[in-house]
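*Asks:* Would you mind keeping the following structure in view while I ask a few things?
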Amino acid sequence: MNTQISAVRARQILDSRGRPTVEADVTLADGSFGRASVPSGASTGSAEAHELRDGDATTYAGLGVLKAVAHANSEIAAALAGLDAREQHKVDLAMRSLDGTPQLARLGANAVLAVSIAVARAAAASLRQPLFERVREIAGLSGLSMPVPMVNILSGGLHAGRGMDVQDFLAMPVRATSIADAIHIISRVRNAATEEARARGLPTLLADEGGVSPGLPSGRDALEMMLRITERAGLKPGDDVVIAIDVAAASLQQPDGSYALTREGRTANAVEMTEMLAGWVRDYPVVSIEDGLGEEDWSAWAELTQQVGHRTQLVGDDLFTTHPDRLARGVRERVANGVLVKANQNGTLSGTIDLIAQAKAAGYATIVSARSGETEDAFMSDLAVGSGAGQIKIGSLRTSSTVAKYNQLLRIEEACSAPYAGISALVGRP
Ligand SMILES: C=C(OP(=O)(O)O)C(=O)O
Ligand SMILES: [Mg+2]
């Protein structure tokens, strides 16, 4: 076994929206090999690590990633040559120093993360370890757990042509006994969503993350439909299946700070948004709300947390952007009680694993999340299990890029028989 990095080779491939993204291969001195590709968001937070795009309108309408690929093949390959792939933190730090900018804007976080994950896979191959074990070792944990899925059922916002104001209404099979059981439940709910939409004469078209986009006028209409869908699946709302919401409020926010609820034909200020969300929590089995307010609305977030945080998980996505300083501010100012974890918002694997540890130490829930533009790389499933995150937000059982992650969870469960995290993984539950 010789785990020194001997070669890095990157290329441009396509994501689930048919847009270019980076794939990287890493080879070690003993011939071990790791490959990884990175996803891309649509409703992105402004503080995310920088995804480098070519901006050259002649190829892929400016969305090419050939510059990021070139950086991986030249500068990154040279800087990592000879480093030990088992030393994930050291490898990632080398790339951060080489880049020299806080958001990895020079080399591109898309290049850095693809290489970072490929290094972990190559090390795992050399050590004859499954990837989730490699993650567990990097995280310095002793146990593993199978995460509770948070699954898109009804979609709006930037993932569904703004057919609804709120971006996602998601189902969580909290009472399942295993990941296999959880996936079975999700499959029933997702199929019932299509049937319910068809029965109502609503569109059954797929949104970017595999949800149905029925184009309902209000959040309450969508919540009612979630209850009917759950019943149609033969399950009990609020018991077998509970509801999570991603408002993605930053994409509703106007320059004056108000929130445009276009489908309802009104705008709401932060106080009105908080009232609306508190009303949903009161009247429906809503256990988790993500990005209920905008990414710089810190004081309104603190108020929302004070009002509903004791009985609802409040998750920062665009708010925290998987960034340790933003999460630390949230903990200090008692803002939210959960963090969405997107490796490509952070930029490196070790940085993402460290952020999960930081959140857990503060008592915050951790939800490993996909992006709305994904590849068939199922790394996030290994990340969620190996880091003991407790929850995973993948998207619905529809596209191959999404199904790849569920299938990987099934394989991991078979390999390690880790316990299903269940309702105890949620923070702020009643
Ligand atoms: C997955 C999400 O969307 P995107 O990848 O478009 O940021 C999200 O907002 O949680
Ligand atoms: Mg989100």
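The values are calculated or read from the model by the stated rules, or taken from the named source; none is laboratory data. Here the structure is a predicted model, which is why all the values come from computation and not from measurement. Please note: Cβ atoms are built from the backbone with ideal geometry, for glycine as well, and neighbour counts cover all protein chains shown. Protein only, heavy atoms only, side chains kept; ligands, DNA and RNA dropped before computing areas. Shrake-Rupley method; radii C 1.70, N 1.55, O 1.52, S 1.80 Å.
*Asks:* Test of understanding: in a Gaussian network model of the chain with alpha carbons linked when under 10 Å, which of Asp168, Asp30, Asp92 would top the mean-square fluctuation ranking?
*Replies:* Asp30
*Asks:* When N counts the residues of the chain, how does its alpha-carbon radius of gyration compare numerically with 2.2 N^0.38 Å, as a ratio? List each step's numbers first, then the result.
*Replies:* Details: Rg = 20.7 Å, N = 430, 2.2 N^0.38 = 22.0 Å.
The value comes to 0.94.
*Asks:* Can you give the Rg to Rh ratio for the range 64-115, taking only C-alpha atoms and Rh from Kirkwood? Intermediate results must be reported in sequence, preceding the final value.
*Replies:* Numbers: Rg = 10.3 Å, Rh = 11.0 Å.
Rg/Rh for the range 64-115 comes to 0.94.
*Asks:* A further question follows. Can you give the FRET efficiency to the nearest 0.05 for Lys90 and Thr58, using r as the Cβ-Cβ distance and R₀ = 51 Å?
*Replies:* Working: r = 39 Å, r/R0 = 0.77.
For R0 = 51 Å, the calculated efficiency reads 0.85.
*Asks:* Here is a further query. Per the 1.4 Å probe, what fraction of the accessible area of the chain, in percent, lies on carbon and sulfur atoms?
*Replies:* On the way: 7640 of 15250 Å².
Here carbon and sulfur together make up 50 percent of the probe-accessible area.
*Asks:* Can you list the residues, at least 5 places off or on another chain, whose amide H is less than 5 Å from the amide H of Ser288, using H built in the peptide plane?
*Replies:* The answer is Ile245, Gln313.
*Asks:* Along the charge dipole of the chain, pointing to its positive end and built from +1/-1 on Cβ of Lys, Arg, Asp and Glu, which listed residue (Leu14, Pro217, Ala120) has its Cα farthest out?
*Replies:* Projecting each Cα onto the dipole axis, the largest value belongs to Ala120.
*Asks:* Something else now. With r as the distance between the Cβ atoms of Glu333 and Ala70 and R0 = 30 Å, compute the FRET efficiency 1/(1 + (r/R0)^6) and round to 0.05. Each step should come with its number before you reach the end.
*Replies:* On the way: r = 41 Å, r/R0 = 1.37.
That gives a FRET efficiency of 0.15.
*Asks:* Given H placed 1.01 Å from N in the peptide plane, which residues other than close sequence neighbours of Ser396 have an amide H under 5 Å from its amide H?
*Replies:* Result for Ser396 returns Asn152, Gly210, Gly211.
*Asks:* What length, rounded to one decimal in nm, is gained on full extension from Ser417 through to Gln306, with 0.36 nm per residue of separation minus their alpha-carbon distance? All intermediate terms of the calculation are to be shown ahead of the outcome.
*Replies:* Numbers: separation 111, 0.36 × 111 = 39.96 nm, distance 3.79 nm.
Extra length from Ser417 to Gln306 when fully extended: 36.2 nm.
*Asks:* Same structure again: Taking every alpha carbon pair in the range 262-388, what does the distance histogram look like in 10 angstrom bins from 0, in percent?
*Replies:* It works out to 12, 42, 32, 13, 1, in whole percents.
*Asks:* Tell me the relative contact order for the chain as a rounded percent, counting alpha carbon contacts under 8 Å between residues six or more apart.
*Replies:* Numbers: 1010 pairs, mean separation 84.9, N = 430.
Over the chain, the number comes to 20 percent.
*Asks:* Would you mind working out the magnitude of the charge dipole of the range 4-128 relative to its Cα centre, with +1 at each Lys and Arg C-beta and -1 at each Asp and Glu C-beta, to the nearest 20 Debye?
*Replies:* Numbers: 13 positive and 13 negative charges, 37 e Å.
Around 180 debye, computed over the range 4-128.
*Asks:* Find the accessible area per residue for the range 4-128; the probe is 1.4 Å, ligands and nucleic acids are left out, and the unit is Å². Intermediate results must be reported in sequence, preceding the final value.
*Replies:* Working: 4920 Å² over 125 residues.
Spelled out: the 1.4 Å probe surface of the range 4-128, per residue, equals 39 Å².
*Asks:* With each label point set 7 Å from Cα along the Cα-Cβ vector, what nm distance links Arg106 and Trp298?
*Replies:* Each label point lies 7 Å from its Cα, and together they span 2.8 nm.
*Asks:* Check which residues have an amide H placed less than 5 Å from Gly309's amide H, if you skip close sequence neighbours.
*Replies:* Here the answer is none, since no amide H 5 or more places off falls under 5 Å of that of Gly309.
*Asks:* Report, largest value first, the span of the C-alpha coordinates of the range 166-320 along each principal axis, in whole Å.
*Replies:* Cα extents, longest axis first: 43, 34, 26 Å.
*Asks:* With only alpha-carbon atoms counted, please give the Rg and Dmax of the range 313-399, in Å.
*Replies:* 12.3, 39
*Asks:* To make sure I understand the rule: partners must be lysines, Cα under 28 Å from the Cα of Lys342, and not fewer than 8 residues away in the same chain. Which ones qualify?
*Replies:* Straight-line reach from Lys342, under 28 Å: Lys67, Lys90, Lys360, Lys393, Lys405.
*Asks:* In a GNM of the chain with a 10 Å cut-off on Cα contacts, which of Gly351, Gly55, Gly31 has the highest mean-square fluctuation?
*Replies:* It is Gly55.
*Asks:* Taking only the alpha-carbon atoms of the range 4-128, what semi-axes of the equivalent ellipsoid follow from 5 times the gyration tensor eigenvalues under a square root, in whole Å, largest first? If you can, show how the numbers build up before the last one.
*Replies:* Details: eigenvalues 121, 46, 32 Å².
They are 25, 15, 13 Å, listed from largest to smallest.
*Asks:* Let me ask something else. Roughly how big is the range 141-211's charge dipole about its Cα centre, with Cβ charges of +1 (Lys, Arg) and -1 (Asp, Glu), in debye to the nearest 20? Numbers along the way, then the final one.
*Replies:* Working: 6 positive and 7 negative charges, 34 e Å.
The dipole of the range 141-211 has a size of about 160 debye.
*Asks:* With a 1.4 Å probe and all protein chains left in place, how much accessible area per residue does the range 148-425 have, in Å²?
*Replies:* Working: 9100 Å² over 278 residues.
Solvent-accessible surface per residue comes out at 33 Å².
*Asks:* For the chain, build the charge dipole from Cβ charges (+1 Lys, Arg; -1 Asp, Glu) around the Cα centre, then report which of Asn152, Tyr364, Leu409 sits farthest towards its positive end.
*Replies:* Leu409
*Asks:* Follow-up. So what's the back-of-envelope 222 nm ellipticity for the chain, counting only DSSP H runs of four-plus at -39500 (n - 2.57) apiece and dividing by all residues, rounded to 500? Display every interim value, and only then the final one.
*Replies:* On the way: 14 runs with 160 residues, N = 430.
When only DSSP H runs of four or more count, the value is -11500 deg cm²/dmol.
*Asks:* A further question follows. So, with +1 on the Cβ of K and R and -1 on the Cβ of D and E, and no other charges, what is the size of the charge dipole of the chain about its Cα centre, to the nearest 20 debye?
*Replies:* Details: 41 positive and 50 negative charges, 129 e Å.
With Lys and Arg at +1 and Asp and Glu at -1, about 620 debye.
*Asks:* Equivalent ellipsoid semi-axes for the range 1-74, as square roots of 5 times the alpha carbon gyration tensor eigenvalues: give them largest first, rounded to whole Å. Please report the intermediate quantities before stating the final value.
*Replies:* Numbers: eigenvalues 146, 37, 24 Å².
One finds semi-axes of 27, 14, 11 Å for the range 1-74.
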